[in-house]
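Asks: What follows is a single structure, and I will ask about it in a moment.
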Amino acid sequence: MTTAAQLRKSALSLPETADGGVFTVGGAVFATLVDKQVTLRLPAAEVDEMLAAHPTATRTGDGARVPLADIDGRQLNRWVWRAWLAHAPEHLARTSAAAVAGESGDLPRAIGRPATRALGNAGITTLDQVATMTEAELLALHGMGPKAVRILREALAETGRTLAG
């Protein structure tokens, strides 16, 4: 079961997201929450995928709606990101999609997609940039966990570098 707070955290972790009762990027709405149901504005093919994955999801005029109680946090993060990606300005979408695809400089793939996306969303694509951050700053990024930080520490150590602080 996912909560409204988790939805908000997930949506606001994405670059240039605004929350004025609905979640927007570049002035375009990509997610709303009404009566404990999240509506995500997704491309048609992704709506079909969401409907197949979540039996209680329903089609809306421009996306799909699912009760928060029927979706876990990991799934919600994925669908919120996909909705954001469909509406984000091109430069933001390109950076975020490249991070997920593993096109992020010399970052180790072993940190995983959520951590890679978190770094990419923060504009961090190289170990040199990671070395300027503290462990606390890394862990504050939505999607970054202790395992990813450990892997980044190890990758930095291999080249004689460390995290800041």
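Asks: Spot the failing condition for T95; the list is (1) part of a helix (DSSP H, G or I); (2) open to solvent by 40 Å² or more (accessible area, probe 1.4 Å); (3) hydroxyl-bearing (S, T, Y); (4) at pLDDT 75 or above, and only one is missed.
Replies: (4)
Asks: Determine the pairs where a residue that is within 26 Å of R74 (Cβ to Cβ), located within segment 127-144, has a partner that is among the hydroxyl-bearing types (S, T, Y) with Cβ atoms under 6 Å apart, the partner being 6 or more residues away or on another chain.
Replies: H142/S13
Asks: Please state which one of D48, D35 is at positive phi and not polar (S, T, N, Q).
Replies: Being at positive phi and not polar (S, T, N, Q) holds for just one of D48, D35, which is D35.
Asks: Please work out if A164 is over 24 Å from W81 (Cα atoms), free of Cβ contacts under 8 Å to residues at least 24 places away in the same chain and more than 13 Å from the chain's Cα centre (by Cα).
Replies: No.
Asks: With the structure loaded, tell me whether A45 is part of a helix (DSSP H, G or I), open to solvent by less than 70 Å² (accessible area, probe 1.4 Å) and at pLDDT below 95 or whether it fails that test.
Replies: no
Asks: Yes or no: A53 within 21 Å of A5 (Cβ to Cβ), loosely packed, with under 15 Cβ neighbours inside 10 Å and out of contact with any strand residue (DSSP E or B) (no Cβ under 8 Å at 6 or more places or on another chain)?
Replies: Considered against the rule, which asks whether it is within 21 Å of A5 (Cβ to Cβ), loosely packed, with under 15 Cβ neighbours inside 10 Å and out of contact with any strand residue (DSSP E or B) (no Cβ under 8 Å at 6 or more places or on another chain), A53 comes out as no.
Asks: Need the failing condition index for T132 against (1) closer than 23 Å to T32 by Cα; (2) at pLDDT 90 or above; (3) open to solvent by 70 Å² or more (accessible area, probe 1.4 Å); (4) not small (G, A, S), just the number.
Replies: With (1) closer than 23 Å to T32 by Cα; (2) at pLDDT 90 or above; (3) open to solvent by 70 Å² or more (accessible area, probe 1.4 Å); (4) not small (G, A, S) applied to T132, the lone miss is (1).
Asks: Does at least one position in segment 10-20 carry a residue that is small (G, A, S) and open to solvent by 60 Å² or more (accessible area, probe 1.4 Å)?
Replies: yes
The values are calculated or read from the model by the stated rules, or taken from the named source; none is laboratory data. On a predicted model such as this, the values are computed, not experimentally measured, just so you know. All Cβ positions, even for glycine, are placed from backbone atoms using ideal geometry, and neighbour counts span all protein chains on display. Accessible surface areas use protein heavy atoms only, side chains included; no ligands, DNA or RNA. Shrake-Rupley method; radii C 1.70, N 1.55, O 1.52, S 1.80 Å.
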